[in-house]
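Below is one structure, written out as structure tokens; the observations come after it.
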Amino acid sequence: MSSTTDFIAELIRAANQIDKLTALEKNRLLDRAATVVRKMREQIGIPITRTGGDAVTEIQVVAAAVPFGRRTNEEVRAVLLNAAAMIRDLHIVLDTGTEIQIGGGTTH
């Protein structure tokens, strides 16, 4: 397995065992997921926006709230699974060299 697929599996395992994770473990996983998604999107050429509608921003907001108990385990689980799905999809795009059109232009 590649490090990407290993990380996807780690996110899914964590989501399935969310009750066993500390707030710090949840925070670190979410931070790593946001970093991985951001880097993969940059490699593909997908722009990162700093608005509330961006998936990376959503992951970061949840990560920041977790240490303060401001997110439920169900909310964290959903974000972990969403991050795993995004990383899987981005990995496929990078691995296959699929071209993506954004705003009329072609990237990767």
Selection within region 3-42 - exposed (fewer than 12 other Cβ atoms within 10 Å of the Cβ) and in contact (Cβ under 8 Å) with a residue 12 or more places away in the chain: D19, L24
Near pairs, Cβ below 8 angstrom, 6+ apart or cross-chain, from region 57-74 (under 13 Å from L21 (Cβ atoms)) to any residue that is among the small types (G, A, S) and assigned to a helix (DSSP H, G or I): A63/A34; V66/A23; P67/A23; R71/A65
Complete set of residues in region 28-65 that are farther than 26 Å from T5 by Cβ, not β-branched (V, I, T) and not in a loop (DSSP other than H, G, I, E, B): A64, A65
Answer residue from region 1-52, given it is within 21 Å of R70 (Cβ to Cβ) and among the basic types (K, R) and is nearest to the chain's Cα centre (by Cα) among those: R32
Residue match in region 40-52 (condition: basic (K, R), more than 20 Å from N16 (Cβ to Cβ) and modelled with pLDDT under 95): yes
Those residues of region 66-80 which are assigned to a helix (DSSP H, G or I) and buried (at least 16 other Cβ atoms within 10 Å of the Cβ), in sequence order: V66, V76, R77, V79, L80
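The values are calculated or read from the model by the stated rules, or taken from the named source; none is laboratory data. Because the structure is a prediction, the values reported are computed rather than measured. Every residue, glycine among them, receives a Cβ derived from its backbone with ideal geometry; neighbour counts consider all protein chains shown.
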